[in-house]
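Inspection log for the structure reproduced underneath, given as C-alpha cells.
Throughout, read-outs are computed from the coordinates displayed, never taken from laboratory work. Because the structure is a prediction, the values reported are computed rather than measured. Note: ideal-geometry Cβ built from the backbone for every residue, glycine included; neighbour counts use all protein chains shown.
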Amino acid sequence: MGKIASRVSQLNGEGALAVNVRARELERQGRSIIHLELGEPDFHPAAPVVDALREAAAAGRDRYCATRGIMPLREAVAEYLGRTRRLPVTPQEVLIAPGCKMALSLAMMALIEPGDEILYPDPSFPIYPSFTRGLGAVPVPFHLIEKNRFQPDLAEIAARITPRTRMIIFNSPNNPTGTVYTKEVLAGIARLAVQHDLWVISDEIYARILFSGAYGSIRALAGMAERTVIIDGFSKSFAMTGWRLGYAVAPVEVIDAMDLLVLNTFTCAAEFTQVAAVEALRDSTGAVEAMVGEYRRRRDLFVAGLNRVPGFRCVSPEGAFYAWVNIEDTGLSAEKVATLLLEEGGVAGIAGAAFGAEGAKYLRFSLVSASHLLEEALARIERVSAHWRAAVTR
Ligand SMILES: Cc1ncc(COP(=O)(O)O)c(C=O)c1O
C-alpha cells in the first residue's frame, strides 16, 4: 500500500468516542451502563421540525442546492442571531455547512497558513489543536484553571502572542468546563485581537445553553465584526446531532473563500435538512427553553451530588451540559477513576486529558441522561468510590 499523507498523523481522535465503544461492548455483555460520555442530547428535534423535513423530502427538495446554503436558511440564521444574540448579521455573511465541525474546519482552512501560531484554550474541544496541526500550524494553549473559575488569564494570552500568531479560537460556554467568558475577558481578547491584527474564531455552539443571563458574542464588540468567525449549529441547541447542520458567520470575503472550499469538497448541505432547519430556528414550540430548563435541573442535581462524593469537587457550570469534576483528592489518576467507574459501576465518563493537558486531574460527565439516571449514576459513583477508599486505607 502507498503512504498515507503525513498531515493525518498530526490529527488526534476524540476521547468520548473511544469510551463509547468500550461502554457499548460492556452493554453487549449484558452490563447496565449509564452513558455520560458523549456530548449528544437525549432529546430529539421538536415535532414541527421533523414534519418540515418529511414534507421537504416528499416535495423533492433532495437535489444539489446552493453551495453556501439556501437563502431562506441564511436569512433565518441572520434573523435568529439578531433575535437571540442581538447581533446585526446579513444573510451574505452566513454559510451553511454539514455540522459545526465542518464550518470550523472550513474557516480554519480558509484562514490558517502553515507555520502560523493559533491560540486555543486548554482544556477545550480536542479538534482545535488537532486540526491546527493538520494544517501545518502550531497550536499554542492558554490555560483555563480552577483557581480562576476556568476563565482565561488575559496576561497569559498576551504573553503568548508572537509575530507568528494568526488566530485565537475559543468556545464560550466552554466544553468541557461550562465556563461562560466574562464581559471583561471578551473585551480583553477583542483588544488583543485588534492590537495584533488577529482572526478570532468564536465557537458559539452552546450559546443557547446558558443557565443565567443573556449571551454576549465577541463579534458585537468594536472592531470585531471584520475579524470574527462565529461557528454555531443545530446539534446541541436543537438536539439535531445526526442531521449534520451548522453554520459560520464571517465577513463576506471569508464566506467567499469558504464557499470555494465547499465547492471543492462536499458541494452543499442536504437541502431537505436546511428547509427543516428554518423551522427549528423559528422554535414555535419553545423547545430550546424547555431543554435548557431540564439541563439546569440536571446540573443542580448532579453537581450537588458529585460534591458529596469524597475526593470529588465540581464547580457548577454556567452553560453547556457538562460537569467538569476535579478528582485529585481521590489519590487516583483520572484514567483510573474513569476506568473503575465504567468497569465496576457502569458509569461512562471521560478522563479530562482528552481535552488537553490541563484536564489531567478531571473527569467530564455529560448531563445528557434523564434525572433518574443521573441519580442512579451518583449512587453507583458513591458505591464504587467507597470500594477504592476502603482499598486505599486498608
Ligand atoms: C465545542 C464544540 N464545537 C463543535 C462541536 C461539533 O458540533 P457538530 O455536531 O455540529 O459538528 C462540538 C460537539 O461536541 C463541540 O463541543
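Numbers at a glance
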item: Length gained when the stretch A390-K3 is fully extended (0.36 nm per residue, less Cα-Cα span); result: 134.2 nm
item: Rounded, prolate or oblate (a/c below 1.5 giving rounded, otherwise prolate when a/b exceeds b/c) for region 1-79 by Cα gyration tensor; result: oblate
item: Between 0 and 90°, nearest 10: helix 287-307 axis offset from the chain longest Cα axis; result: 30 degrees
item: Sites matching trypsin sites (Lys or Arg not before Pro) across region 131-171 that sit in DSSP coil, with at most 14 neighbouring C-beta atoms within 10 Å; result: R149, R164
item: Neighbour-limited loop hits for trypsin sites (Lys or Arg not before Pro), region 78-119 (at most 14 other Cβ within 10 Å; DSSP other than H, G, I, E, B); result: R86
item: Global form of region 62-282, assessed from the alpha-carbon gyration tensor, a/c cut-off 1.5; result: prolate
item: Residues K147 and E226, FRET efficiency given R0 of 35 Å [Cβ-Cβ distance, rounded to 0.05]; result: 0.50
item: Counting DSSP beta bridges with both ends in the chain, the antiparallel % (nearest 5); result: 45 percent
item: Evaluated at q = 0.21, 0.26, 0.30, 0.35 Å⁻¹: base-10 log I(q)/I(0), Debye formula over Cα of region 278-318; result: -0.68, -0.84, -0.96, -1.09
item: Under 12 Å, Cβ to Cβ, from S130 - net charge with Lys/Arg +1 and Asp/Glu -1; result: +2
item: Inter-probe distance in nm under a simple model that places probes 7 Å from Cα toward Cβ, at R191 and D62; result: 5.6 nm
item: Choice from P48, P163, P152 showing the highest fluctuation, given a GNM over the chain with Cα pairs closer than 10 Å; result: P163
item: Per residue convex hull volume, Cα atoms of the chain, in Å³; result: 161 Å³
item: Efficiency of FRET from Cβ geometry, F266 and Q10, R₀ 22 Å, rounded to 0.05; result: 0.50
item: Overall form of region 198-311 per C-alpha gyration tensor (a/c, 1.5; a/b vs b/c); result: prolate
item: ³J(HN,Hα) computed for each position of region 235-250 - Karplus, 6.51 cos²θ - 1.76 cosθ + 1.60, integer Hz, glycine/proline x; result: 4, 9, 4, 10, 6, 10, 3, x, 6, 6, 9, x, 7, 10, 10, 7
item: Relative contact order (%) - criterion: Cα under 8 Å, at least six apart; region: region 270-355; result: 15 percent
item: Volume per residue that the Cα convex hull of region 25-67 spans, once the total is divided by residue count, Å³; result: 184 Å³
item: Pair R31, A360: separation of 7 Å Cα→Cβ label points (nm); result: 2.7 nm
item: Partners for K183 among lysines (Cα-Cα distance below 25 Å; same-chain residues under 8 apart left out); result: K147, K236
item: 20 Å reach of a label modelled at A290, 7 Å along Cα-to-Cβ, counting backbone N of region 357-380; result: 367-373
item: Centre separation in Å (Cα based) which lies between region 22-54 and region 134-162; result: 33 Å
